[in-house]
Amino acid sequence: MKILTFFSLFSTFLSANSINVEENAGQFFSSGHTNNWAVLVCTSRFWFNYRHVANTLSVYRSVKRLGIPDSHIVLMLADDMACNHRNPKPATVFSHKNMELNVYGDDVEVDYRGYEVTVENFLRVLTGRLPPSTPRSKRLLSDDRSNILIYLTGHGGNGFLKFQDSEEISNVELADAFEQMWQKRRYNELLFIIDTCQGASMYERFYSPNLMALASSQVGEDSLSHQPDLAIGVHLMDRYTFYLLEFLEDIHPASKANMKDLFKVCPKSQCVSTPGHRTDLFLRDPGSALITDFFGSVRKVEITMETINLTDLIKEAEQKDNVQQMLEMVTNEMNILKLWFDSNKLSLNLNKTKFMIFGNHTTNIDVKIVIDNKTIERVYESKFLGVVLDHKLCWKPHIKYLCMKMARSIGILSKTR
């Protein structure tokens, strides 16, 4: 009797577990997309529009944290606030008071900057009508299995959004661009978010399928700024994007939050304006669309019956072994060098001695070099003869260093006028 009871409980557990697996699998495949892209655009120049750059970088930070790589993000910033001479903290852009959260970070990859941020370039990115010489990083290489997030922020009005105070994009032009994307099979589902005055007017003319839109304000309403900072001298963000960022901070890659939860972000009591959304063109129930369907990332998965060649994986493992052997050799040679220094009454300052491994494939290998029973610190960037070298030789730390140096110099010069 005990055996029968045990098997009954065990079968019940297996059936319940299989149901949970099927539910999770069904939710995972409900979207039908295999990759994610994001197009993030700040259309405003000049220091007093600092908040629009912070808006865009906040969304950029969130989508990267949730898994969308830089290779699938097209970032367009009309001005470089991080290197602006009026910035009291060069190479930073803050979204919270008291400089709590720097959304600029160390690895921001801006694809279109300054006067490259135009209506023409934006529409060309969406529709894929770019010159053949355009580098891959400036292209939206999506397909009919791509979920795309498009975020816009700047100054706008009823039916238009300004680009750098010199030109405008209308809601009709935007709607036609999305229709071209659909006809050219450039997206599976598209989420459009805009933070600007009278933002809802920008999605009134949309007519393409599988498209969902959100806006920070209704027609006739202003989208208000938030987080004034006396040290920086400007407002740091707009209200809607600030509360959107607060919401996204609680989202993780396995989160079950859906788009209906996103609709509740920043009610009128917080935003002052009335956020709006449009879902009639979206083919799924917004409640079944996860936040991570647009703000996160999935990797392409292909089922095949063919034999998989593991030669490359074996070679990678062998490379790790080779690195370890090389490091043992370096350790031995460094200890011999230390003995030579000591015998010749010379000193080797081990506290200032560092080492760096160059290359993309060795950064995750746990390595140690020990000299005279002291572990040498591994670094990922180092300044040598005025040049900041990094382990990937991508020069981003050196460029950041130059930006900070130039910003300080320009700030000093501006005070002498």
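Placing unit charges on each Cβ (+1 for Lys and Arg, -1 for Asp and Glu) gives segment 46-124 a dipole about its Cα centre, and among 57, 88, 71 the Cα reaching farthest toward its positive end belongs to 88.
To the nearest 10, the accessible area of residue 240 is 10 Å² with a 1.4 Å probe. The Kirkwood hydrodynamic radius of segment 164-206, based on inverse pair distances between different Cα atoms, is 11.6 Å.
Each peptide in 190-201, 90-101, 248-259 was scored by the mean count of other Cβ atoms within 10 Å over its residues; highest first, the order is 190-201, 90-101, 248-259. With a 1.4 Å probe and all protein chains left in place, how much of the accessible area of segment 209-275 comes from carbon and sulfur atoms, in whole percent? That fraction is 53 percent. Residues within the reach of a label modelled at residue 414 (point 7 angstrom out along Cα to beta-carbon, backbone nitrogen below 15 Å), restricted to segment 93-124, are 93.
Under the criterion of Cα pairs below 8 Å and six or more residues apart, the relative contact order for segment 37-187 equals 30 percent.
Any chance you could run the full-extension gain for residue 394 through residue 373? It's 0.36 nm times the residue separation minus the Cα-Cα distance, nm to one decimal. Taking 0.36 nm per residue and subtracting the Cα distance, the gain is 4.2 nm. For segment 108-225, the alpha carbon positions stretch 41, 33, 25 Å along the principal axes, listed from largest to smallest. Peptides 144-152, 389-397 ordered by packing proxy, namely the average of other Cβ atoms within 10 Å per residue, highest first: 144-152, 389-397.
Taking the average, over residues, of other Cβ atoms within 10 Å as the packing measure, peptides 35-47, 223-235, 333-345 rank 35-47, 223-235, 333-345 from highest down. For segment 17-174, the share of accessible area belonging to carbon and sulfur comes to 49 percent (1.4 Å probe, ligands and nucleic acids excluded). Here the convex hull built on the C-alpha positions of segment 172-291 has a volume of 132 cubic angstrom per residue. The slack between residue 70 and residue 249, meaning 0.36 nm per residue of separation minus the straight C-alpha distance, is 62.5 nm. Extension gain, residue 120-residue 281: 0.36 nm per intervening residue step, less the Cα-Cα distance, totals 55.4 nm.
The values are calculated or read from the model by the stated rules, or taken from the named source; none is laboratory data. Bear in mind the structure is a predicted one, so any value in this text is a computation, not a measurement. Don't worry about glycine lacking a Cβ; one is built from the backbone with ideal geometry, like all the others, and counts go over all protein chains shown. To get the accessible areas, we keep the full protein, side chains included, count just its heavy atoms, and leave off ligands, DNA and RNA. Shrake-Rupley method; radii C 1.70, N 1.55, O 1.52, S 1.80 Å.
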